[in-house]
1. Pairs under 8 Å by beta carbon, first residue assigned to a loop (DSSP other than H, G, I, E, B) in the range 28-45, partner surrounded by 12 or more Cβ atoms within 10 Å (Cβ to Cβ), six or more apart or different chains?
2. Which of the following residues is more than 27 Å from the chain's Cα centre (by Cα), in contact (Cβ under 8 Å) with a residue 60 or more places away in the chain, assigned by TED's automatic domain parsing to the domain that holds G182 and assigned to a helix (DSSP H, G or I): Q246, Q259, Q276?
3. Do we have K299 as loosely packed, with under 15 Cβ neighbours inside 10 Å and outside any helix (DSSP H, G or I) here?
4. Any residue in the range 56-66 that is more than 32 Å from the chain's Cα centre (by Cα), of a type in the set (S, T, N, Q) and within 30 Å of I105 (Cβ to Cβ)?
5. Check off (1) assigned to a helix (DSSP H, G or I); (2) surrounded by 15 or more Cβ atoms within 10 Å (Cβ to Cβ); (3) not acidic (D, E) for A290 and give me the number that stays unchecked.
6. Return the total of residues in the range 349-383 being touching a Ser or Thr at 6+ places or on another chain (Cβ under 6 Å) and of a type in the set (D, E).
7. Go through the range 55-114 residue by residue and tally those that are among the acidic types (D, E) and in a helix (DSSP H, G or I).
Amino acid sequence: MTQKQLDRYDIIKRLIRREINGTKTANLLGLSVRQTKRLKANVLQFGPSALQHGNKGKPSHNRMEDEKRQKIIKLLHKHYYDFGPTFASEKLEENHNIKKSPETIRQIMAAEGLWKPKNKKKKIKHRSWRLRKDCYGEMLQFDGSYEHWLEDRGNTQEMCLLATIDDATGQVAKAKFDKHEGVMPVMAFWQEYMEENGQPRSIYLDKFSTYSMNHKLAKENSDTLTQFQRVLAELHIEEILANSPQAKGRVERLFKTFQDRLIKELRLVNISTMEQANEFLKTYLPKYNAKFAVKPHSKANLHKQLTKTEKNKLPGILSRQTQRTIQNDFTFSFKNQWFQITKQQPINVYPKDKVIVEERTNNTIHIRLKGKYLNYKTLPIRPPKQKDNDWTIPKTQEEINQSKAHAPSVNHPWRQRSFVKMAVRQKEPSMTF
């Protein structure tokens, strides 16, 4: 089953256990109430397999033959690479007796990069105050705030407070001080959160570079993801990007309150280090939530609880991942450090294989190939190039003149034949006429 189907199964189980009603289930699944009832009945009768499509694994009955598709692609590249889909379909029918609809040709041209679909004009929507989500864990708002949280005590530099607040309850689910809002601190934050609470259904973020590719060329390519976007995609957590600070006002107001109250609380207990501040948050947040949190509309907790296997995979997913190519001597470099792939491996490794280097939040390096982790060792210096010492070439004419050819000995097998012939000739009597 796919991750989406597993997610649906989790929601249907909550409906069966009567944690949520049919209307809420339909909203979460994006289906009608009628379809939700059918899914529930099928799951009760057939189990999780009822959520799989009946045609899974079967080829389409009306798909185009591969040979014909390749012929169309070849003609489009050769003759109609700058045509529109409608015009190209007309010419294919007129000149090559290939009758296909413009929509089919449009899909082929888009897949081959010969046609760029036009963006539909966005309709202007009326904006209004957004209601809270119904369930705890349905959506979390997350952000970081730079401030002199410890004022002039201890380290006077700015620290970043990473915090997430539940949209349904206004409860601060987790907060942590760190040096900055970079990839690794954010990864460590969410790894700790998910190990404690499970996976939320969605996270509301701003367009900071950690969470979104802001370069113009990157925005045009939907496959260009940040490390954090890749994590959310693998965990099947919906990413919601805010277009303004006001859109995720709940977490923004939280920081405004913390900058007023928390700074003073830290001052009262004379905290001067980041470690002490994080320890203080463990007792401060329950008091804060008891004062400011509200009751949700539904008692259901939509956090997906992780199994032991999923928890074991979590550090690998929540890591900075980089691709490297194995060289012919089974080495590769990463951040000015050379790594040697050892002989004993759980999978066959070949030169030119693409491996994934995982930088985990505990500062360890793991190397993955086809889902298996490889054994390796670090090298102190760059491996020297291998030299073939079986033959050498004299560098100068003097070296050539000084080189002496090897003269075989008298009893060498190569000379035995000539010595035998000479001895026979000496024994034969001379003939005179």
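1. Within 8 Å, the pairs are L31/L39; S32/A26.
2. Details: Q246 fails: in contact (Cβ under 8 Å) with a residue 60 or more places away in the chain; Q276 fails: in contact (Cβ under 8 Å) with a residue 60 or more places away in the chain.
Checking each option against the conditions leaves just Q259.
3. When the stated conditions are applied, K299 passes them.
4. Taking every residue of the range 56-66 in turn, at least one turns out to be more than 32 Å from the chain's Cα centre (by Cα), of a type in the set (S, T, N, Q) and within 30 Å of I105 (Cβ to Cβ).
5. (2)
6. 2
7. Taking the range 55-114 as the starting set, the residues that turn out to be among the acidic types (D, E) are 65-67, 82, 90, 93-94, 103, 112.
With in a helix (DSSP H, G or I) added as a condition, the list becomes 66-67, 90, 93-94, 103.
Here the count works out to 6.
Okay, residues lined up against (1) basic (K, R); (2) at pLDDT below 85:
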residue: H53; (1), (2): no, yes
residue: P59; (1), (2): no, yes
residue: K74; (1), (2): yes, no
residue: H77; (1), (2): no, no
residue: A88; (1), (2): no, no
residue: N95; (1), (2): no, no
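The values are calculated or read from the model by the stated rules, or taken from the named source; none is laboratory data. Because the structure is a prediction, the values reported are computed rather than measured. Neighbour counts run over all protein chains shown; Cβ positions are idealised from the backbone, glycine included.
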